[in-house]
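The values are calculated or read from the model by the stated rules, or taken from the named source; none is laboratory data. These numbers were taken from a predicted model, which means no experiment stands behind them. We place every Cβ from the backbone using ideal geometry, glycine too, and count neighbours over all the protein chains shown. In case anyone asks, the SASA skips ligands and DNA or RNA and just uses the protein heavy atoms, side chains included. Shrake-Rupley method; radii C 1.70, N 1.55, O 1.52, S 1.80 Å.
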Amino acid sequence: MNKTEITRQINRKKSFLCVGLDTDIDKIPAHLKIHPEGVFEFNKQIIDATKDFTVAYKINTAFYESQGVQGWVALEKTLDYIPDDIFKIADAKRGDIGNTAEHYAKTFFETYPFDAVTLNAYMGGDTIKPFLKYKNKWAILLALTSNAGAEDFETLKVGERKLYEEVLIKSSEWGSREQIMYVVGATRPEAISDIRKIVPNHFLLVPGVGAQGGDLQKICEYGLNKDGGLLINASRSIIYASSGENFAMEAGKEAEKLQKEMEGLLARVK
């Protein structure tokens, strides 16, 4: 999916919501834990309830890999069920070189029909470039994350800049704004203003709204651009809005609530 198509979906749905299908088998409703395909059935109902309000789904592969073959089957069936016009992100956070990177790229862009994959650029450009060979596919690079450990490396000064700023500057030379997005944590909204000075036209994937307490209005104040420019991810606050048999209905309500707020915020930049 190219940038124009993403922006078209944002404008059509008046939303830049990304729903995280980070489905933990221990947290799904009790009646689905005994279902032979409980994870997929949970995802299927979440997708049905939220697809009108979201432009993207993010699948954290760890929750599926940990279930072995059955988990990969659930992942594949979930991908097949997501409508074709919705952006599909593999939250895999890969980062390796050479043939390994090439096979990771093949995994997520050929074997599985993802549109994007999250990557760690710590080892440099040769960890990212194999992913940039694919047309209309995206590398989403970790830039400034919301976890406490981000202070260990990401915000360290390297000369006059912080390390994450160097990542933004250097990596933006490897590919275009049609190929590269960046992960920026929702708990750091003020930093988005500085990030926009470096990458004004790239899309930002922003996790942390909802359960982690990110401020949507502040993020949009600093991060929205003419293309939308943001994919705001919410996972737990939507998919675990209820632990009962009405979980999908409650998830839909939470997704719609965020979509309505986003509609108002988008109107301000038009």
Open item on the list: Students often forget the sequence filter, so: which aspartates and glutamates lie under 19 Å Cα-Cα from K218 once same-chain residues fewer than 8 apart are removed?
Closed with: E190, D194, D227, E261, E263
TODO: Among the lysines, select those whose C-alpha is under 16 Å from the C-alpha of K170, and discard any that sit fewer than 8 residues away in the same chain.
DONE: K129, K157, K162, K197
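Return the calculated 222 nm mean residue ellipticity for the chain, to the nearest 500 deg cm²/dmol, obtained by summing -39500 (n - 2.57) across DSSP H runs with n ≥ 4 and dividing by the residue count. Let's see the in-between values first.
Working: 12 runs with 113 residues, N = 270.
Value at 222 nm, helices only: -12000 deg cm²/dmol.
Grab the beta carbon distance between Q67 and R8, set R0 = 41 Å, and tell me the FRET efficiency rounded to 0.05.
Numbers: r = 35 Å, r/R0 = 0.86.
Computed FRET efficiency for Q67 and R8 comes out at 0.70.
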Task: DSSP bridge orientation in segment 159-270 - percent antiparallel, rounded to nearest 5 - done: 10
Open item on the list: Could you work out how much longer the chain between D48 and A30 gets when fully extended? Use 0.36 nm per residue separation minus the Cα distance between them, nm to one decimal.
Closed with: 4.5 nm
Open item on the list: Give me the 1.4 Å probe accessible area per residue for segment 179-259, excluding ligands and nucleic acids, in Å².
Closed with: 37
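What FRET efficiency, computed as 1/(1 + (r/R0)^6) with R0 = 35 Å and r the Cβ-Cβ distance, is obtained for E178 and I97, rounded to the nearest 0.05? Walk me through the intermediate numbers first.
Values: r = 24 Å, r/R0 = 0.68.
Once rounded, the FRET efficiency stands at 0.90.
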Open item on the list: Need the list of lysines near K44 for cross-linking: C-alpha distance under 21 angstrom, and skip anything on the same chain fewer than eight residues off.
Closed with: K13, K27, K33, K58, K77, K88, K253, K257
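Any chance you could run the full-extension gain for K170 through K197? It's 0.36 nm times the residue separation minus the Cα-Cα distance, nm to one decimal.
Details: separation 27, 0.36 × 27 = 9.72 nm, distance 1.42 nm.
My answer for the length gained is 8.3 nm.
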